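Asks: Here it is, the structure in full.
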Amino acid sequence: MENRRLVPVVMAVAGCTAIVIGVYQGLVHVAPGYEGTITAGWGGDLNREEILLVQLGVVGVGGAVAALRWKRLASVPFATGGIVLFYAFRAVGPFLRSPTRPLYREFSPGAPGFEGESVMLVLGAEPFLLAGGGLLLVGAGIAASRFRTPGDEGDELTPPPSRA
C-alpha cells in the first residue's frame with residue numbers, strides 16, 4: 001500500500017526527466033534523404049523559455065512530493081504539466097500554419113544555395129518529449145489527488161456539538 005503512494009512522485013520525476021531531455025533536442029529537422037541543415041540562432045545554450053520549462057518540471061516534482069502530505073498541493077504538478085503542454089503546442093503551431101515553411105511537405109526554400117532543390121521539414125524530438133513530460137506531470141497531479149493523505153484518515157462524520 002505504501003508503494004502505491006509513490007506512483008505520483010515517480011510519474012513526476014519521469015515527466016521532469018522527459019522535459020530536461022526534450023529541451024536539448026531540436027524542434028524541427030530536415031527530413032532524412034534531403035540536403036540541408038537547420039542552424040539554430042544561438043550557440044547551443046538553452047534560451048529562457050527552455051530554462052523555465054525545466055524549472056517548471058522541478059516544481060512539478062516538488063508539488064508531487066508535497067502532495068504526499070498535503071492533498072491540495074496535487075494541483076501543482078497538474079498546473080505545471082498544463083503549462084508545459086501549452087508551450088509544446090505553442091511552439092509547433094507556427095510551423096503547422098505557415099505556408100512558407102510547411103511540415104511534412106516538400107517545398108523549395110528561397111534561400112541562396114537551394115536553386116530549385118526541394119526540402120522537407122519534420123518535427124524533432126523536442127515537442128514529443130515536452131508533451132509526454134507534460135502529460136506525465138498532469139497524470140501525477142491526478143494520481144496524487146486520489147490518494148489519501150495522513151490527515152484524511154479520520155474522514156468519519158463527527159456529530160455536531162450539542163447545545164445545552
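Each reported figure results from applying straightforward, stated rules to the coordinates on display, with no laboratory input. Just so you know, these numbers come straight off a predicted model, no measurement behind them. Here Cβ is always computed from backbone atoms with ideal geometry, including for glycine, and neighbour counts include all displayed protein chains.
Asks: Label points 7 Å out from Cα along the Cβ direction at Arg163 and Phe86: separation in nm?
Replies: 4.8 nm
Asks: With r defined as the distance between the Cβ atoms of Glu117 and Leu96 and R0 fixed at 25 Å, what FRET efficiency is calculated, to the nearest 0.05? Present the calculation step by step, with values, prior to reporting the outcome.
Replies: Numbers: r = 23 Å, r/R0 = 0.94.
After rounding to 0.05, the efficiency reads 0.60.
Asks: How much length would be gained if the chain were fully extended between Ser145 and Ala125, taking 0.36 nm per residue of separation minus their Cα-Cα distance, in nm to one decimal? All intermediate terms of the calculation are to be shown ahead of the outcome.
Replies: Values: separation 20, 0.36 × 20 = 7.20 nm, distance 3.04 nm.
So the extension gain works out to 4.2 nm.
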